[in-house]
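A.B. asks: Have a look at this one.
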Amino acid sequence: MKVKVYSKDGKESRRSVTLDPEVFGVEPNDHAIWLDVRRVQANGRQGTAKTKERGETKGSTRKLYRQKGTGNSRAGSAKSPIRRSGGRTFGPRPRTYSLKINRKTQRLARRSALSYKVQQEGIRVVENLGFDDVSTRALRDVLNAHE
């Protein structure tokens, strides 16, 4: 697969580069890309959400009313999830959201994404990308020249 080489100012040069077909020429696998994106996003989750449940809230465990005769029958402790200051029923717990996918699947996903980019002409090879001075303006000018 041949790709044109561009100069720093965005003009097309007469050269072209051959890309490795093992990386840029594979049949794209959408499912592998989806798995890898899902893995990256899941591994980025923090997983520290926590609420107090009825055993962790402040308050007494005594029965609030007697069982019969008050009109408030069968009321349990003040920590009950029904009460205002009671614990949360099935609240979130700290946990890890990390996912694992096989190494070969990860590699296939990256190759598939690069193959899609080459097919849609989303990859440009630029010669002599070195900068004389380190500045954001110089990089911005190069990116604007290449759209």
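Values quoted throughout were computed directly from the atomic coordinates according to the rules given, and no laboratory measurement underlies them. Everything quoted here is computed from the prediction, not taken from an experiment. Cβ atoms come from the backbone with ideal geometry, glycine included; neighbour counts cover every protein chain shown.
A.B. asks: If each DSSP helix of 4+ residues adds -39,500 (n - 2.57) and the sum is divided by the residues in the chain, what number results at 222 nm, nearest 500 deg cm²/dmol?
C.D. replies: Details: 4 runs with 45 residues, N = 147.
Rounded to the nearest 500, the figure is -9500 deg cm²/dmol.
A.B. asks: I want to verify a result. In a Gaussian network model of the chain, Cα cutoff 10 Å, which of these has the top mean-square fluctuation: 17, 134, 26?
C.D. replies: The residue with the greatest mean-square fluctuation here is 134.
A.B. asks: A further question follows. Return the tail of the calculated pair distribution for the chain, meaning the percent of Cα-Cα pairs more than 21 Å apart.
C.D. replies: Numbers: 7491 of 10731 pairs.
Result for the distance tail: 70 percent.
A.B. asks: How are the Cα pair distances of the stretch 105-147 distributed, in percent, across 10 Å bins from 0?
C.D. replies: Reading upward from the zero bin: 23, 34, 29, 14, 0.
A.B. asks: Skipping prolines and chain starts, which residues have an amide H placed within reach, meaning under 5 Å, of the one on residue 53, given they are 5 or more residues away or on another chain?
C.D. replies: 88
A.B. asks: If the cut-off is 25 Å between C-alpha atoms, which lysines fall inside it for residue 11, apart from same-chain ones fewer than 8 positions away?
C.D. replies: 2, 117
A.B. asks: How many angstrom separate the Cα center of the stretch 83-141 from the Cα center of the stretch 17-35?
C.D. replies: Using only Cα atoms, the two centres lie 16 Å from each other.
A.B. asks: For the chain, with the dipole built from +1 on Lys and Arg beta-carbon atoms and -1 on Asp and Glu ones, taken about the Cα centre, which of 51, 120, 17 lies farthest toward the positive end?
C.D. replies: Looking along the dipole axis, the top candidate is 51.
A.B. asks: Another question about this same structure. Dipole magnitude of the chain about its Cα centre, charges +1 at Lys/Arg Cβ and -1 at Asp/Glu Cβ only, in debye to the nearest 20? The partial results should precede the final answer.
C.D. replies: Values: 34 positive and 15 negative charges, 447 e Å.
In debye, rounded to 20, the chain gives about 2140.
A.B. asks: Hey, what did the stretch 30-147 get for relative contact order, percent, Cα under 8 Å, at least 6 apart? List each step's numbers first, then the result.
C.D. replies: Values: 117 pairs, mean separation 35.2, N = 118.
Averaging sequence separation for qualifying contacts and normalising by length gives 30 percent for the stretch 30-147.
A.B. asks: Using a simple charge model, +1 on the beta-carbon of Lys and Arg, -1 on the beta-carbon of Asp and Glu, nothing else, what dipole does the stretch 60-137 show about its Cα centre, in debye to the nearest 20?
C.D. replies: Values: 20 positive and 4 negative charges, 278 e Å.
It comes to approximately 1340 debye.
A.B. asks: Can I ask one more? In whole Å, what three semi-axes, largest first, describe the equivalent ellipsoid of the stretch 1-79 built from its Cα gyration tensor (square root of 5 times each eigenvalue)?
C.D. replies: Output for the stretch 1-79: semi-axes of 70, 16, 10 Å.
A.B. asks: Turning to a different aspect of this structure: Give me 4, 104 sorted ascending by neighbouring Cβ count inside 10 Å, so fewest comes first.
C.D. replies: On the way: 4 13, 104 9.
Ranking 4, 104 by Cβ neighbours within 10 Å, fewest first, gives 104, 4.
A.B. asks: Work from the charge dipole of the chain (Cβ charges, +1 for Lys and Arg, -1 for Asp and Glu, about the Cα centre) and give the residue of 26, 37, 146 farthest towards its positive end.
C.D. replies: 37
A.B. asks: Nothing charged except the Cβ atoms of Lys and Arg (+1) and of Asp and Glu (-1): what's the magnitude of the dipole of the stretch 7-85 about its Cα centre? Round to the nearest 20 debye.
C.D. replies: 1600 debye
A.B. asks: Can you find, among 7, 60, 106, the residue sitting farthest towards the positive end of the charge dipole of the stretch 7-147, where Lys and Arg contribute +1 and Asp and Glu -1 at Cβ?
C.D. replies: Positive-end residue among those listed: 60.
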